Amino acid sequence: MSPRSSSYGFIGEFRAPEQVAHAARELHAAGFRNWEVYGPAPIDEITHLVPTHRGRAVTIAMVVAALVGACFGYFIQYWDAVLSYPLNVGGRPLNGWPGFVPSAWEICALFTVYGGFFALLAACRLPRLYHPIFAAPHFERASQDRFFVCVPASEPLYDLERIRSLFMQYGALSTAELTQ
């Protein structure tokens with residue numbers, strides 16, 4: 001069954017973490033690679049099964065920001081002391097790099113922190129004021145006492161009836177199709 005363009009995915013509500021763990025193992029065994037678990041507490045049994053979307057993008061962005069910050073911090077001092085206002089004080093060299101390193105390091109750290117922060121926001125797709133999963137029935141209980149498993153329609157193996165029967169097999173309290 002091909003996903004409909006207006007469908008975001010399919011969600012199942014579970015009462016106990018054991019039910020979610022069984023459903024997660026079955027999803028993983030069936031070949032599903034794009035699904036998400038929401039709940040009030042982490043479930044240790046499935047931490048290795050839940051697909052992570054963490055890439056190296058934030059790390060690469062932070063390394064690039066650090067290099068840019070270090071180069072910028074050094075260049076701004078070089079430009080000031082050597083190119084724009086060269087003053088020979090005490091016969092010291094104009095390009096005294098040991099004196100430039102502490103400030104370049106501080107600017108490097110500043111660029112790294114801000115680069116990492118904005119890369120994290122981009123990786124988490126924030127700020128995001130609305131998500132289709134917020135419209136799921138009883139989803140507000142995900143922060144209290146319920147667990148939810150959502151399979152998005154973008155999953156290559158997305159089959160509404162197959163997912164519904166899998167959720168019901170493991171004791172889902174309710175299931176719902178989410179629309180965008």
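Among the residues of segment 57-83, just one is more than 29 Å from Phe117 (Cβ to Cβ) and open to solvent by 50 Å² or more (accessible area, probe 1.4 Å), namely Leu83. Of the residues making up segment 92-121, those that are within 30 Å of Ile43 (Cβ to Cβ) and without any contact (Cβ under 8 Å) to a residue 40 or more places away in the chain are Phe117, Leu121.
Considering Leu110, Leu87, the condition of being outside the structural domain of Phe148 (by TED's automatic domain parsing) and either modelled with pLDDT under 90 or assigned to a loop (DSSP other than H, G, I, E, B) (or both) is satisfied by Leu87 alone. Of the set (1) touching a residue at least 60 places away in the same chain (Cβ under 8 Å); (2) in the same structural domain as Val20 (by TED's automatic domain parsing), all apply to Phe134 but (1). Annotation: Cys150 fulfils all but one of (1) surrounded by 15 or more Cβ atoms within 10 Å (Cβ to Cβ); (2) part of a helix (DSSP H, G or I); the unmet one is (2).
Among the residues of segment 123-146, just one is open to solvent by 90 Å² or more (accessible area, probe 1.4 Å) and touching a strand residue (DSSP E or B) at 6+ places or on another chain (Cβ under 7 Å), namely His138. Residues in segment 84-100 that are within 30 Å of Ile60 (Cα to Cα) and either open to solvent by 70 Å² or more (accessible area, probe 1.4 Å) or of a type in the set (Ser, Thr, Tyr) (or both): 2 in all.
Of everything in segment 1-43 that is open to solvent by 70 Å² or more (accessible area, probe 1.4 Å) and not in a helix (DSSP H, G or I), the residue that is modelled with the highest pLDDT is Arg15.
The values are calculated or read from the model by the stated rules, or taken from the named source; none is laboratory data. Quick caveat: nothing in here was measured; it's all calculated off a predicted structure. Here Cβ is always computed from backbone atoms with ideal geometry, including for glycine, and neighbour counts include all displayed protein chains. Note: areas computed on protein heavy atoms with side chains; ligands, DNA, RNA excluded. Shrake-Rupley method; radii C 1.70, N 1.55, O 1.52, S 1.80 Å.
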